[in-house]
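The structure under discussion appears below in the form of structure tokens.
The values are calculated or read from the model by the stated rules, or taken from the named source; none is laboratory data. Keep in mind the model is a prediction, meaning the values are calculated, not measured. Because the Cβ atoms are built from the backbone with ideal geometry, glycine has one as well, and the counts that use them run over all protein chains shown. Areas reflect the complete protein model, heavy atoms only, side chains present, ligands, DNA and RNA absent. Shrake-Rupley method; radii C 1.70, N 1.55, O 1.52, S 1.80 Å.
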Amino acid sequence: MNGRIIVFLEGKKKEGLKKSARALLKAAWLLSQQTGKPVEAVLMGEDPKQYGEEVLRKGLNCIHYVKSAALKDYDVHQYAPAFFSVVKDLNPWVIMGNSTLVGKDLFPRVAAMFSVPMISDCQKITFEGPGLKVVKACFYGKKQAELSFTGNLPYIVTLVPNSAEVEIEGQEAAVAEETKEREIEYIADEKPKGRLVEIIMKETEKQDVLEAEAIVAGGRALKEKADFLLLEELAEKLDAAVGASRAVVDSDLASPEMQIGQSGKTVAPKLYFALGISGAAQHIAGMRGSKVVVAVNKDKQAPVFDYAQYGIVGDVYQIVPEIIKALTDLDG
Amino acid sequence: MRIGVCIKGVVEDNEGSKWVINTFDEYALEEAVRLKEKDEKTEIVVITVGHKGLKEMLYAALATKADRAVHVVTPDEDMSGFGIATILKSVVRQERIDLVLLGKQAVDNASHQIGGMLAGLLNWAQAIDVIELDIEGDEATAHRLAEGGKIEVIRARLPVVIGAAKGLNEPRYPALRGIIAAKKKEIKEIALEELGLAREDLCGIKVERVFAAPEKEACKFIEGEPGKAAEEIVRLLREEAKVI
């Protein structure tokens, strides 16, 4: 049985690979160990080799650098044909990516180009010969489903970024004896179907909840926009991103990109603070992959405590400043 | 211009048995109605795929300014996202749609696949996760949410697939007059065979089992006055959970 494991890796300018890309590589290695299939990575961009050194140390069988000025910023109308044209010749068995905002946009179009189905937001991927088995949330996150592919190759999957199931430390990676490197100059589509014409930046770029190892999320107990400053202060202590439940996004206390839950983002950080969040099923669906959950809520019966390792029954406005103080004492 | 609005039926409030329009598809439908209000020549065709029980949901969609509906009737739910996108592609072609509007994802299973897949199958432009849309003649300009709170502006000539996100608009409740008028509008039922599609080509993914998400260990409640509880939680996170 042949075929390769292809991993789509995302970098972040200057900072190297995204954290979620490292977790994804780990999942690919585990699959490689189970199947004996080689792992090859695809890096795309204007200068994809800038991440090469880091990836080279990861023991892959081959790295494909797909390079073009047209790939400087992510635009599905260039990225999808570029990725497809490279991967289709690699005899792919599995194509893996992350459910980042890029992955969510890119992979469905790529699946259509391969004319195969895909499974999004996997929490776990295992080999059960000769196929692949994945676990993902369904029914508003109340349940989980175990799915398998029954159709044609390649099998296309995206993982919840930083899925807690994927331990980065620990297990040794399958190290290839030699990593091949291959550079491909992508000839940009001169007449793309659509075009990215502008990127509108916000004044301050905050840490994205999808990439964060710790998240401090606020819910209905927060009454004003300014109250999120308290959460930001706590987040800073923990090097965390600030998230929000749907209720506070709906009432404009927090912005949509912060929303965690079924209609927002699905996250799986190492540490999740649920502050004044009651824990509606839709919210739980977006964070239940978190490794350690701390909940603070006035109501001891709040469902969020069913999903928390540690709970404090109390007022967010009283507890959070004390936690910040305790963390500050720790620093000192 | 002919707009196809693809809607999915989801179970209301995730329990009960009433089928309602997926929240994100409501934004898509509202946007189509707003485009029609700017240009009365616009025709809106609502498209759905699924069992017969979705009829009431289709009437609810037709209670807006939507003109008619196409219902691809298929009883089974084991179709993959790719299968649904394949069906929609056939309908979009058959109905000569110029602009597809749909929600960026469904609220129940949240796979966020259909928009991008449909655009890929049709080889059209796409903009998914859209919070602002402007159509001038045959040119579409869409603002989509990107990483770190950035906004990407995508421009394309029609035909285009647009995936609606929250923030695109504020859907209105249909007026009583609309609800009555809806009953007179056409709902065309089509079977898969009429689209030249075979069921087995539309699956490709098998549900092995569905189970309740695993229970976590019981929560450890930390008692005491705020200062003491805060110190204790920090200690536990450091020494027991080892996450800080």
Inset, instruction - Select from the stretch A:189-207 the residues that are open to solvent by less than 20 Å² (accessible area, probe 1.4 Å) and in contact with a Gly (Cβ under 6 Å, 6 or more places away or on another chain) and list them in ascending order. - result: none
Legend entry - Members of the stretch B:167-182 that are open to solvent by 50 Å² or more (accessible area, probe 1.4 Å) and within 12 Å of chain A (Cβ to nearest Cβ): B:G167, B:E170
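Name every residue in the stretch B:85-129 that is of a type in the set (V, I, T) and more than 12 Å from the chain's Cα centre (by Cα), in order of residue number. Outline the logic, then answer.
Within the stretch B:85-129, the subset of a type in the set (V, I, T) is B:86-87, B:91-92, B:97, B:100, B:107, B:114, B:128.
Correct list: B:T86, B:I87, B:V91, B:V92, B:I97.
Just the residues that are open to solvent by 30 Å² or more (accessible area, probe 1.4 Å) and assigned to a loop (DSSP other than H, G, I, E, B), please, taken from the stretch A:290-303. Give the steps one after another, and end with the answer.
Going residue by residue through the stretch A:290-303, those that are open to solvent by 30 Å² or more (accessible area, probe 1.4 Å) are A:291, A:298-301, A:303.
Correct list: A:K291, A:K298, A:D299, A:K300, A:Q301.
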Legend entry - Criterion violated by A:Q282 - all others in (1) touching a Ser or Thr at 6+ places or on another chain (Cβ under 8 Å); (2) in a helix (DSSP H, G or I); (3) more than 26 Å from B:E132 (Cα to Cα) satisfied: (3)
Legend entry - Number of positions in the stretch A:304-332 that are open to solvent by 10 Å² or more (accessible area, probe 1.4 Å) and either assigned to a loop (DSSP other than H, G, I, E, B) or under 14 Å from A:R220 (Cα atoms) (or both): 5
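Picking from B:V107, B:V160, which residue would you name as being within 9 Å of chain A (Cβ to nearest Cβ), under 21 Å from B:E40 (Cα atoms) and in contact (Cβ under 8 Å) with a residue 40 or more places away in the chain?
Working: B:V107 fails: under 21 Å from B:E40 (Cα atoms).
Criteria check complete, one pass: B:V160.
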Inset, instruction - Considering every residue within the stretch A:251-270, establish whether at least one is within 13 Å of chain B (Cβ to nearest Cβ), assigned to a helix (DSSP H, G or I) and touching a residue at least 12 places away in the same chain (Cβ under 8 Å). - result: yes
Inset, instruction - Give the stretch A:247-278 a look and list any residue that's at pLDDT 95 or above and either among the small types (G, A, S) or open to solvent by 40 Å² or more (accessible area, probe 1.4 Å) (or both), or say none. - result: A:A274, A:G276, A:S278
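Pick from B:V161, B:V243: which is surrounded by 15 or more Cβ atoms within 10 Å (Cβ to Cβ), of a type in the set (A, V, I, L, M, F, W, C) and touching a Gly at 6+ places or on another chain (Cβ under 6 Å)?
Working: B:V243 fails: touching a Gly at 6+ places or on another chain (Cβ under 6 Å).
On inspection, the qualifying residue turns out to be B:V161.
Quick grid of which residues meet (1) over 22 Å from the mean Cα position of the chain (by Cα); (2) modelled with pLDDT under 95:
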site	(1), (2)
A:E15	no, yes
A:S20	no, yes
A:L25	no, yes
A:A28	no, yes
A:C62	yes, yes
A:K67	yes, no
A:Y79	no, no
A:F84	no, no
Legend entry - Residue ID - farthest from the other protein chains (Cβ to nearest Cβ), chosen from residues in the stretch B:117-132 that are open to solvent by 30 Å² or more (accessible area, probe 1.4 Å) and over 25 Å from B:I190 (Cβ atoms): B:E132
Legend entry - Residue check, A:D299 under 27 Å from B:R235 (Cα atoms), at the interface with chain B (Cβ under 8 Å from one of its Cβ atoms), more than 23 Å from the chain's Cα centre (by Cα) and not aromatic (F, W, Y): no
Inset, instruction - Could you tell me whether any residue of the stretch B:199-213 is surrounded by fewer than 13 Cβ atoms within 10 Å (Cβ to Cβ) and part of a loop (DSSP other than H, G, I, E, B)? - result: no
Inset, instruction - Any residue in the stretch A:46-67 that's free of Cβ contacts under 8 Å to residues at least 60 places away in the same chain: show its pairings with residues that are surrounded by fewer than 21 Cβ atoms within 10 Å (Cβ to Cβ) and assigned to a loop (DSSP other than H, G, I, E, B) at Cβ separation under 8 Å, as long as the two are six or more apart or on different chains. - result: A:E46/A:S68; A:E46/A:K72
Inset, instruction - Among residues belonging to the stretch B:188-198 that are at negative phi and assigned to a loop (DSSP other than H, G, I, E, B), point out the one that is surrounded by the most Cβ atoms within 10 Å (Cβ to Cβ). - result: B:L197
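Just checking, which of A:K58, A:K88, A:K124 is within 14 Å of chain B (Cβ to nearest Cβ), open to solvent by 10 Å² or more (accessible area, probe 1.4 Å), more than 25 Å from B:I162 (Cα to Cα) and not in a helix (DSSP H, G or I)? Full working, then the answer.
Working: A:K58 fails: within 14 Å of chain B (Cβ to nearest Cβ); A:K88 fails: not in a helix (DSSP H, G or I).
Answer to the check: A:K124.
Which residue, of A:V134, A:V94, is within 19 Å of the chain's Cα centre (by Cα), under 22 Å from B:D201 (Cβ atoms), at pLDDT 95 or above and more than 7 Å from chain B (Cβ to nearest Cβ)?
Numbers: A:V134 fails: at pLDDT 95 or above.
It is A:V94.
Working only within the stretch A:2-50, note down all residues that are at positive phi and open to solvent by 20 Å² or more (accessible area, probe 1.4 Å).
Within the stretch A:2-50, A:K14, A:G36 qualify.
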Inset, instruction - Find the residue count for the stretch A:110-131, including only residues that are over 19 Å from the mean Cα position of the chain (by Cα) and not aliphatic (A, V, I, L, M). - result: 8
Inset, instruction - Any chance you could count how many residues in the stretch A:209-251 are more than 18 Å from A:V296 (Cα to Cα) and of a type in the set (G, A, S)? - result: 3
Inset, instruction - Answer with yes or no whether A:D250 is out of contact with any Gly (no Cβ under 7 Å at 6 or more places or on another chain) and on the phi > 0 side of the Ramachandran plot. - result: no
Inset, instruction - Working carefully through the options B:I154, B:I114, B:I135, B:I97, find the one that is closer than 25 Å to A:P117 by Cβ and open to solvent by less than 40 Å² (accessible area, probe 1.4 Å). - result: B:I97
Inset, instruction - Kindly indicate whether A:I215 is in contact (Cβ under 8 Å) with a residue 60 or more places away in the chain and buried (at least 22 other Cβ atoms within 10 Å of the Cβ). - result: yes
